[in-house]
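Student: One structure, as structure tokens, below. Some questions next.
Laboratory data are not the source of any read-out in this text; all were calculated from the coordinates shown. Because the structure is a prediction, the values reported are computed rather than measured. We place every Cβ from the backbone using ideal geometry, glycine too, and count neighbours over all the protein chains shown.
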Amino acid sequence: MVRIARSTLIKRKMAVEMLQLLKKTGGAAMSKSVCVIGAGVGGLTAAAYLAKEGYKVTVIEKSTTVGGSAGWYFRNGRKFPTGATIAFGLEEQGLLRTVLDDLDIDLPAADLLHPMDIILPQEKVSVYKSTELWEEELKRAFSERSKEVLKFWRALQQIGEDVQAVTESRVSLPIRRFYELGSLPQHALKHPASVMRLARYALMTVEDLMKKYDLQSYQPLRQLLDAQLLDAVQTDVSQAALLPSSLALTIYRRGSFAIQEGLGQLAKTLAGRVKELGGEVVKVSPVESLTYDTSRKQWDVISRKCTSSFDFVINNSGLSFGPGTSYGADDEFSWGAFRMDAVLSDEVRRGPLEGVEFPFAYQIVPQFDFSSLVKNTHGPVYATFHNTQDMKGNLLKDEVTMTVSLHTDPDIWSTYSKEKYKEMKERLTEEILNEIDRVIPVRESLLFAETGTPLTYERYIGKTAVGGFPLTVKNAILKPKSVRSSLPQLYIVGEQVFPGPGTLSSTLSGYYAARSIMKER
Ligand SMILES: Cc1cc2nc3c(=O)[nH]c(=O)nc-3n(C[C@H](O)[C@H](O)[C@H](O)COP(=O)(O)OP(=O)(O)OC[C@H]3O[C@@H](n4cnc5c(N)ncnc54)[C@H](O)[C@@H]3O)c2cc1C
């Protein structure tokens, strides 16, 4: 006990001395300095833009690897994703592609022509990139109401394209500075009808659009939309804001990509670019405190391996270091994730499934009510199948990796005793495997499975809730969160400020924060 307390005291004393030294020398650098807390994709994007612009950038990361919930970890000699598996927006002119082009980053990715099968209680719906195949599928799966469903989907698609075009103009909400308009005024002059449409739909939910086609009580469509929305925007048709949801619902189909070595490559490549551009990425160095010195107009950052003063701070961690430093502490409910990474023998692709074309992911609306096991846990079960890699990234040809996630209450797991925690994990794993087995018989080929709860996320990335707050009309349109905080020279990025289709939204928030810093220096 005494040793721990002493070492903490020594660390604090050294940190204070270091800060005093920096104060004496003025801590002045040739260019302005920026500290990015957290190497998630949002923070790394901001870091890369700023390093490219000549800022002195230091990214400080708690974990041993970069990427946060779009990173990777190692177990049993294999490499697994920490969360995200599908990349969005990498098509020509796509939103993520444009950001990567700005940063001179080449990220090879395979276009997913059949990204997903959605398994409803009575029906399987295959999502195809080809509009022709997709519309055929809608007609087949929703044959009783195919006319209205098709009209609804075309309207949704149109709104999604309008939202995408506006997002491409690089407008960022809430608009409080002229530059935050991006090229929206020019876009509005060129495409007035599109902008008028968006204004008309701004306060609508997805359910409101369903009502236009008298589809609000049509359960099969509702189940499909709820499954997709809960994954992408953290809420269902009755609450989900139509504008961001239209983008989330349609991007699955036209802009889903797989990256050969996993989506963790995005963060890895961004971190590499930051270093090439002269920035620093310091890992295994959790930030402990953040204080603003009003006389020097600088932020003093103390972390395990790096203690210094910075002109700007970008908080990507989702954690609060005091009032106003994060949105993570807001009251808005966010989900946690129950995760399973399983390795299957490639037998799974043989037998009755020999030659069957697998989608990249399955979204399964469960027949079992998970909340009867773990309070506030519900579907869909989201399972992706991809190549197994060893720790060096080599493919292990006779294995398949299955990554599964399910929404769960982020706080409930810490209330269980050690025994109960273990029991609940095992029971939930069993039920999830039962649900997947209905679609693909995986049990017989299961070699091993690793499971994690919100407490696992907390241990590795510092937070139990992942995916951001629900994109309701209030959160997305009426009171959107800004990358600019209420504190001087402090910015907030990542899913906590701009949720939606995961890595894509976080990346965009990183760009917006970097732009604000460049414009306001
Ligand atoms: C199970 C699951 C599946 C998902 N699937 C997809 C998908 O298929 N496609 C997709 O696009 N998105 C997906 N997402 C969402 C996507 O992964 C996230 O929205 C996105 O990666 C969040 O990025 P971020 O920039 O907010 O940073 P985060 O990923 O939240 O990273 C924050 C970083 O801060 C670090 N940190 C925390 N505390 C400290 C501290 N004190 N000091 C320093 N560093 C600290 C953490 O270690 C972490 O690296 C999924 C998420 C989950 C959980």
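Student: Report the full-extension gain for the segment R438 to S289: residue separation times 0.36 nm, less the Cα-Cα distance, to one decimal in nm.
Tutor: 48.7 nm
Student: Summing -39500 (n - 2.57) over the DSSP H runs of n ≥ 4 in the chain and dividing by its residue number, what mean residue ellipticity at 222 nm do you reach, to the nearest 500 deg cm²/dmol?
Tutor: Working: 14 runs with 191 residues, N = 521.
-12000 deg cm²/dmol, from helical runs alone.
Student: If amide hydrogens are placed 1.01 Å from N in the peptide plane, which non-local residues have theirs closer than 5 Å to the one on S256?
Tutor: Under 5 Å from the amide H of S256 lie the amide H atoms of L112, each far enough along the sequence or on another chain.
Student: What does DSSP give for the chain in terms of the percent of beta bridges that are antiparallel, rounded to the nearest 5?
Tutor: Values: 55 of 74 bridges.
Around 75 percent antiparallel, to the nearest 5.
Student: To continue, here is another question. Among K139/K397; K79/K275; K190/K275; K56/K479; K79/K425; K422/K463, which pairs are too far apart, with a Cα-Cα distance over 29 Å? Before the final figure, lay out the partial values.
Tutor: Details: K139/K397 38 Å; K79/K275 24 Å; K190/K275 40 Å; K56/K479 33 Å; K79/K425 22 Å; K422/K463 20 Å.
Going by Cα-Cα distance, K139/K397; K190/K275; K56/K479 fall outside the 29 Å limit.
Student: Counting C-alpha atoms alone, how compact is segment 37-87: give Rg to one decimal and Dmax as a whole number, in angstrom.
Tutor: Values for segment 37-87 (Cα only, Rg and Dmax): 12.9, 41 Å.
Student: Further question on the same structure: Using packing as a proxy for protection, rank 466-475, 290-299 so that the peptide with the highest average count of other Cβ atoms within 10 Å comes first.
Tutor: Values: 466-475: 22.3, 290-299: 15.4.
The most tightly packed comes first, giving 466-475, 290-299.
Student: Further question on the same structure: How far is it, in nm, from the label point at K479 to the one at E426 when both lie 7 Å from their Cα along the line to the Cβ?
Tutor: Simple spin-label model gives 4.5 nm for this pair.
Student: Looking at segment 323-427, which GluC sites (Glu not before Pro) are DSSP coil and have at most 13 other C-beta atoms within 10 Å of their C-beta?
Tutor: Working: sites: E332, E347, E354, E357, E399, E419, E423, E426; in loops: E332, E354, E357.
Sites meeting the loop and neighbour criteria: E354, E357.
Student: Here is a further query. Run the dipole for segment 336-461 about the Cα centre, Lys and Arg Cβ at +1, Asp and Glu Cβ at -1, nothing else charged, and hand back the magnitude in debye, nearest 20. Write out the running numbers ahead of the final one.
Tutor: Details: 14 positive and 21 negative charges, 56 e Å.
That gives segment 336-461 a dipole magnitude of about 260 debye.
Student: For segment 174-322, what is the charge dipole size about the Cα centre, in debye to the nearest 20, if Lys and Arg each add +1 at the Cβ and Asp and Glu each add -1 at the Cβ? Show your work: numbers first, answer last.
Tutor: Values: 18 positive and 14 negative charges, 88 e Å.
Computed charge dipole of segment 174-322: roughly 420 debye.
Student: Find which of P454, T415, L373 sits farthest along the positive direction of the dipole of segment 336-461, computed with +1 on the beta-carbon of Lys and Arg, -1 on that of Asp and Glu, about the Cα centre.
Tutor: T415
Student: What area, in nm² and to one decimal, does the C-alpha convex hull of the chain cast on average over all directions? Write out the running numbers ahead of the final one.
Tutor: Values: hull surface 101.1 nm².
Taking the Cα atoms of the chain, their convex hull projects to 25.3 nm² on average.
Student: For segment 187-292, what number results from the quotient of the Cα radius of gyration and 2.2 N^0.38 Å?
Tutor: Normalised by 2.2 N^0.38 Å, the Cα Rg of segment 187-292 equals 1.58.
Student: With point charges of +1 on the Cβ of Lys and Arg and -1 on the Cβ of Asp and Glu, referenced to the Cα centre of the chain, which listed residue (S31, V163, A87) lies farthest in the positive direction of the dipole?
Tutor: Checked the options; the winner is S31.
Student: Over all Cα pairs of segment 119-254, how is the pair count split among 5 Å bins, expressed in % and running from 0 up to the last occupied bin?
Tutor: Answer for segment 119-254: a P(r) of 2, 10, 18, 22, 20, 12, 8, 5, 2, 1, 0 percent.
Student: If you average over every viewing direction, what projected area does the convex hull of the Cα atoms of segment 336-461 give, in nm²? Show your work: numbers first, answer last.
Tutor: Working: hull surface 33.2 nm².
The number I arrive at for segment 336-461 is 8.3 nm².
Student: Out of the chymotrypsin sites (Phe, Trp or Tyr not before Pro) in segment 417-492, which ones are loop residues according to DSSP with at most 13 other C-beta atoms within 10 Å?
Tutor: Details: sites: Y421, F448, Y457, Y460, Y491; in loops: none.
Taking segment 417-492 and a limit of 13 other Cβ atoms within 10 Å, no loop chymotrypsin sites (Phe, Trp or Tyr not before Pro) are found.
Student: Among V125, G40, T64, whose Cα sits farthest toward the positive end of the charge dipole of segment 21-161 (+1 at Cβ of Lys/Arg, -1 at Cβ of Asp/Glu, about the Cα centre)?
Tutor: Result: T64.
Student: Let me ask you something else. Sticking to Cα atoms, compute the Rg of segment 59-184 to one decimal and its Dmax as the biggest Cα-Cα distance, whole number, in Å.
Tutor: Cα only, segment 59-184: 19.4, 55 Å (Rg, Dmax).
Student: Between the helical axis of 146-168 and the dominant principal axis of the chain, each derived from Cα atoms, what acute angle in degrees is found, rounded to the nearest 10?
Tutor: In the chain, helix 146-168 runs at an angle near 20 degrees to the longest axis.
Student: Same structure again: Given charges of +1 on the Cβ of Lys and Arg and -1 on the Cβ of Asp and Glu, with all other atoms neutral, how large is the dipole of the chain about its Cα centre, in debye to the nearest 20? The partial results should precede the final answer.
Tutor: Numbers: 64 positive and 61 negative charges, 468 e Å.
The calculation lands at about 2240 debye.
Student: For R350 and E261, what does the FRET efficiency come to when R0 = 35 Å and r is the distance between their Cβ atoms, rounded to the nearest 0.05?
Tutor: Numbers: r = 25 Å, r/R0 = 0.72.
Taking R0 as 35 Å, the efficiency between R350 and E261 is 0.85.
Student: Okay, moving on. How would C306, C35 line up from fewest to most surrounding beta-carbon atoms within 10 angstrom? Intermediate values should be presented prior to the final figure.
Tutor: Numbers: C306 16, C35 28.
The most exposed by this proxy come first: C306, C35.
Student: Follow-up question, since we're still on this one. For segment 267-313, take N as its residue count and report Rg(C-alpha) divided by 2.2 N^0.38 Å. Show your work: numbers first, answer last.
Tutor: Details: Rg = 12.6 Å, N = 47, 2.2 N^0.38 = 9.5 Å.
Computed over Cα atoms of segment 267-313, the ratio equals 1.32.
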